[in-house]
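The values are calculated or read from the model by the stated rules, or taken from the named source; none is laboratory data. From a predicted model like this one, the values you see are computed outputs, not experimental measurements. Cβ atoms come from the backbone with ideal geometry, glycine included; neighbour counts cover every protein chain shown.
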Amino acid sequence: MIMCEIDKYILNYKLIQSFNSDILIKNLIIPIYKDDLFTFCFSVLQEKEISQLLNTPVKTLDHDLIEEDFLFYLNEIEVKEKLYSLSISSLFEEHKSINNFIYSLLTYANNSSVSDIHFDVNEQFFYIRFRIDGRLKHYFNFDKKLFLIVSSVLKLYCKEDITQLRKPLNGRFTKSINNKEVDFRFSSMPTIFGESLVLRILNKANISKNLKELGFSNHSHNLIKKSLTLSSGIILVTGPTGSGKTTSLYAMLNILKSLNKKIITIEDPVEYRLDYIQQVEINEKINLTYHEILKNILRQDPDIILIGEIRDEEALNIAMQASLTGHLVLATLHTNSTCDTINRLKDLNAPSYLLANTLKTIVSQRLVLKKCEVCLGKGCASCNYTKYKNREVISETLYINEEIADFLLNNKDSSFIKKYLHSKGFVFMEEDANNKIRNNKTTWEEVNNVLNQEL
């Protein structure tokens, strides 16, 4: 939802809180600022009517806001007023207030299931946006002078050089929020206005979910669990960026991990630290490259290898050789469907006999927004009036049986395999999505939007 006018103002939540919030919400009124004579507002009502409701002279400002916009900015006023007040005091009482401001912001974001916090600056403001359920939304405008203070403090948390404004920086830090340790990954990028900062919230609850909790159907769940009992072979999780592939891999690792198994992962970067698993982070600066790790990984005597992404022919060849020598390999690939994955593997010059012998399962997936369970998709405070809250998987899972392995061996193309799957009643992703629509988990509009996106 694009804000047309409200993003040109710093919302004075102290002013907003001075009025009866029930009246503001019921009548869709957002006070913006006041002078000696008038309070200036966004509203759908006439000035005379607003003046009577608020008991003060009012002038209205032009806007293109819809009802959901009003309700969103008037939601959680107490928290937003606290952040507004701390933003003001941080400009004058820097040390204590700025730390309180950042901690309050991180707590608010963590409690709101935010995955990423975006800190940006333009000619007028320092503005903050939250990414929730894959969607980026504007939340706050603050005084532009606050940005450099926030940037410096976040760099201090990461033990980075606070004077470095011309090169990208990456770091991480941990904060105790609600009596739990939460990790944050920091990234800065120089821009024409100064810097762009992003904090990724690494909430461990995201990787503790099992396959059913992620939304896999009973059919896909059973096929994946069957695949994970194999001692060797390749299991691929496919889909575009942001389709939840890594989270699904972590759910599989949670099933596999054991002190009696050596599991090694190759990640870029390591985001979540996992017990009983040896995680290797790519570091180009010291030549610890993706291929360097892959070439040496078998000397570590692993039982299971997780490859963040099969990027090229060399990586695929190493994965196939590892699976041939008795290792279970889990990896991701950027393809649209299970049948497209077969085409992609052939494009990477995978020999047909190796594919037939090593490929065991392909899971192709997307993430769709779920209807808010509180308001059933009508819009409420719980879902920030978006009608959706949380996401879950829609998928198709191809288990490579003897017949399909024979097709691969004989170099049958994906269209032939797709016809075969149709004849056998294979559950394609579209059908899985339709099942979720029928069960009132999501909407046709959301499914259509997700499935029509390109890689």
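Some observations on this one:
- Some residue of the stretch 362-384 being in contact with a Cys (Cβ under 7 Å, 6 or more places away or on another chain) and of a type in the set (A, V, I, L, M): yes
- Lone qualifier among 231, 187 - being assigned by TED's automatic domain parsing to the domain that holds residue 393 and touching a Leu at 6+ places or on another chain (Cβ under 9 Å): 231
- Residue ID - farthest from the chain's Cα centre (by Cα), chosen from residues in the stretch 161-198 that are buried (at least 17 other Cβ atoms within 10 Å of the Cβ) and among the aromatic types (Phe, Trp, Tyr): 173
- Check on residue 81, crowded, with 17+ Cβ neighbours inside 10 Å, among the acidic types (Asp, Glu), in a helix (DSSP H, G or I) and not assigned by TED's automatic domain parsing to the domain that holds residue 387: yes
- Checking each residue in the stretch 424-446 for being among the β-branched types (Val, Ile, Thr) and within 12 Å of residue 371 (Cα to Cα) picks out 437, 442, 443.
- Extreme residue, farthest from residue 358 (Cα to Cα), among residues of the stretch 380-428 that are of a type outside the set (Val, Ile, Thr), assigned to a strand (DSSP E or B) and out of contact with any Lys or Arg (no Cβ under 9 Å at 6 or more places or on another chain): 396
- Checked against (1) in contact (Cβ under 8 Å) with a residue 40 or more places away in the chain; (2) assigned to a loop (DSSP other than H, G, I, E, B); (3) buried (at least 19 other Cβ atoms within 10 Å of the Cβ), residue 350 passes all but a single condition, namely (1).
- Test: residue in the stretch 198-215 that is out of contact with any helix residue (DSSP H, G or I) (no Cβ under 7 Å at 6 or more places or on another chain), touching a residue at least 12 places away in the same chain (Cβ under 8 Å) and of a type in the set (Lys, Arg): yes
- Criterion applied to 90, 97, 104 was being of a type in the set (Gly, Ala, Ser) and surrounded by fewer than 18 Cβ atoms within 10 Å (Cβ to Cβ), and the one residue passing it is 104.
Condition check ((1) under 18 Å from residue 253 (Cα atoms); (2) outside the structural domain of residue 405 (by TED's automatic domain parsing); (3) part of a helix (DSSP H, G or I)) across all residues:
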| residue | (1), (2), (3) |
| --- | --- |
| 314 | no, no, yes |
| 319 | yes, no, yes |
| 331 | yes, no, no |
| 340 | no, no, yes |
| 355 | no, no, yes |
| 362 | yes, no, no |
| 365 | yes, no, no |
| 368 | no, no, no |
| 375 | no, no, no |
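- Within the stretch 260-272, being within 21 Å of the chain's Cα centre (by Cα) and in contact (Cβ under 8 Å) with a residue 24 or more places away in the chain holds for 265, 266, 267, 268, 269, 271, 272.
- Just one of the listed residues (130, 126) is surrounded by 15 or more Cβ atoms within 10 Å (Cβ to Cβ), under 25 Å from residue 192 (Cβ atoms) and touching a Leu at 6+ places or on another chain (Cβ under 7 Å), and it is 126.
- Positions within the stretch 48-72 being in a loop (DSSP other than H, G, I, E, B) and of a type outside the set (S, T, N, Q), in sequence order: 57, 61, 62, 63, 64, 65, 66
- Some residue of the stretch 204-216 being among the hydrophobic types (A, V, I, L, M, F, W, C), surrounded by 19 or more Cβ atoms within 10 Å (Cβ to Cβ) and in contact with a Lys or Arg (Cβ under 8 Å, 6 or more places away or on another chain): yes
- The stretch 293-312, subset of a type in the set (D, E, K, R) and surrounded by 13 or more Cβ atoms within 10 Å (Cβ to Cβ), residue nearest to the chain's Cα centre (by Cα): 309
- For the stretch 14-47, the tally of residues that are of a type outside the set (A, V, I, L, M, F, W, C), assigned to a helix (DSSP H, G or I) and either under 26 Å from residue 388 (Cα atoms) or assigned by TED's automatic domain parsing to the domain that holds residue 385 (or both) stands at 4.
- The listed residues are 12, 27, and the only one of them that is farther than 21 Å from residue 379 by Cβ and in contact (Cβ under 8 Å) with a residue 12 or more places away in the chain turns out to be 12.
- Residue list for the stretch 140-160, restricted to those being closer than 12 Å to residue 120 by Cβ and buried (at least 18 other Cβ atoms within 10 Å of the Cβ): 140, 141, 142, 147, 150, 151
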